[in-house]
1. Consider D322 against the criteria (1) on the phi > 0 side of the Ramachandran plot; (2) at pLDDT 95 or above: it satisfies all of them except one. Which criterion is unmet?
2. I need the full set of residues from the stretch 184-224 which are among the hydroxyl-bearing types (S, T, Y), away from the ligand (no atom under 16 Å from the Cβ) and under 14 Å from the mean Cα position of the chain (by Cα), in order please.
3. Can A310 be described as more than 23 Å from E117 (Cβ to Cβ), assigned to a helix (DSSP H, G or I) and not acidic (D, E)?
4. Would you tally the residues in the stretch 15-50 being in contact with a Ser or Thr (Cβ under 9 Å, 6 or more places away or on another chain) and of a type in the set (A, V, I, L, M)?
5. Which residue is nearest to A280 (Cα to Cα), if the candidates are limited to the stretch 433-488 and must be of a type in the set (G, A, S) and in contact with a Lys or Arg (Cβ under 6 Å, 6 or more places away or on another chain)?
6. So which residues in the stretch 110-164 are near the ligand (Cβ under 10 Å from one of its atoms) and assigned to a strand (DSSP E or B)?
7. Let me spell it out: the conditions are (1) in a helix (DSSP H, G or I); (2) more than 18 Å from C74 (Cα to Cα); (3) in contact (Cβ under 8 Å) with a residue 60 or more places away in the chain, and P173 meets all of them except one. Which number is the exception?
8. Filtering the stretch 423-446 down to residues that are touching a helix residue (DSSP H, G or I) at 6+ places or on another chain (Cβ under 8 Å), of a type in the set (A, V, I, L, M, F, W, C) and more than 18 Å from I309 (Cβ to Cβ), which residue is nearest to the ligand (Cβ to nearest atom)?
Amino acid sequence: MILSEKTASQLSALYKEKKCAPDETLKSLGEAVRAKDARTRAYIQFDPSRARRRDVSKDAPLWGVPIAVKDNICVADEEITCASKILQGFISPYHATVIEKLLAAGAVICGRTNMDEFAFGSSCETSFYGPTRNPRDPGRVPGGSSGGSAACVADHTAIAALGSDTGGSIRQPASLCGVVGIKPTYGRVSRYGLVAFASSLDQIGPITKDVRDAALLLGVLAGHDPKDSTSANLPVPDYPEVLGRPIKGMKIGIPREYLSSGSGQSGISPAVQKAVREDAVRVLERLGASCREVSLPHTAYAASTYYIIAPSEASSNLARFDGVRFGFRHRGGKNLLEMYEKTRGEGFGAEAKRRIILGTYSLSSGYYDAYYLRAMKVRTKIKNDFDEAFKQVDVLLTPTSPSTAFKLGEKSTDPVEMYLSDIYTISANLAGVPAISIPCGIEERAGKPLPIGLQFMAKPFDEAALFQVAHAFEQHTDFHKKLGNVKE
Ligand code: GLN
């Protein structure tokens, strides 16, 4: 029995039966990291001797389950860098609320995972520490920005991990690595202690080996937090309880604009198109769901809207990194201004600079109305599209990403090409709705099994519907087993 290869729920059962203990799981993970992380570089830091845990009842839902954390979520007294030079040496002064919740639920925080710098990216190549590689094929990217979190879960060097998702950063890497990732509804999970990227879009969520673990973890993470005024004061359903409920009669919408080739979204690969539009639909219908086309007419504007709003908010959020309070400071500037300039010039990578410049431009006087304000209006239209669609159907079905994992370097020289890998994920952030990615196919490329992911989206705060349909699909297709995520 290899404990690092277990899911959280399998581990809980083993602990209850006294077949193993949390320290043995940590030890097993340590061995897995030593054997495999040099290949993927999923971790920025993994150190079982620094693992955080609290003395809580063994009945706590995640008792003894090690969880890896993306390097933009604060763990008190640990370094946090967002994979950027500019934060080198900065120590988190407190725990993020999600960390408090995990510790209270008995989880063990065991390491910090690699990411695109400040979560800007879809490939995990913009990290100051160097890229993470996809465990399914190390010549390919794991996706981003939570690439380290998805890679370590897929590689069994973590049991589960936390990611953050502003435009797809949980779902797209989950898809490319062949694991499960959910972006909760905006407001479902507290962002207190998450380093802000775009505050009107950011959410924290789990990346796991199967749907059950995603339900288990979100149940722990979700809920109102007085420290985050955007967190919603709504009850959190018992998510694991919906697993196994039949989906007979469930109405599933397929947005026409996401799959038709003539809509400007033509980058979809034939393998993805077939796995989602044909194979997945057939499975869902066999399970008694009814699938029909719906329209989200403003889909074609989502990417341009997102790439105005997200960089605008990022440019404002990143203004605080100037060498005074956080991390890296250029020494030797002649005056304060030069210290700021050199610190930011040397501290930020190329993509961070691109976003700051783009965002500053679209927020500047004279351009604000033409860009930012206009983008906010289009965002409302995109949100209205979802409201209309959810009058007709319970959930929406789309691909997560237009292609399987691409090669390292393949898109890193062309920012627009990179931005287009998010076309299916960013709308959920703009509309604030919850969305999950789960494996739905495998594309063989040069003998390597590259996972294909499908995305379900639901009405705000209806994550339960996502778990219900995703679990039914998973149990019926078994991709979680075919990909080796879950072993008996
Ligand atoms: N890839 C998208 C971007 O670069 C989304 C990133 C994210 O969700 N953090 O902005």
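1. Of the numbered conditions (1) on the phi > 0 side of the Ramachandran plot; (2) at pLDDT 95 or above, the odd one out for D322 is (1).
2. Kept after step one, since they are among the hydroxyl-bearing types (S, T, Y), are these residues of the stretch 184-224: 185-186, 190, 192, 199-200, 208.
Now narrow it down to the ones that are away from the ligand (no atom under 16 Å from the Cβ): 190, 192, 208.
The one that is among the hydroxyl-bearing types (S, T, Y), away from the ligand (no atom under 16 Å from the Cβ) and under 14 Å from the mean Cα position of the chain (by Cα): T208.
3. Details: more than 23 Å from E117 (Cβ to Cβ): no; assigned to a helix (DSSP H, G or I): yes; not acidic (D, E): yes.
It is false that A310 is more than 23 Å from E117 (Cβ to Cβ), assigned to a helix (DSSP H, G or I) and not acidic (D, E).
4. 6
5. Applying the filter and picking the extreme gives S437.
6. G163, S164
7. (3)
8. Checked the stretch 423-446; the qualifying residue nearest to the ligand (Cβ to nearest atom) is I436.
The values are calculated or read from the model by the stated rules, or taken from the named source; none is laboratory data. A quick note: this is a predicted structure, and the numbers were derived from the prediction, not measured. A quick note on method: Cβ atoms are made from the backbone with ideal geometry, for glycine too, and the neighbour counts reach across all protein chains shown.
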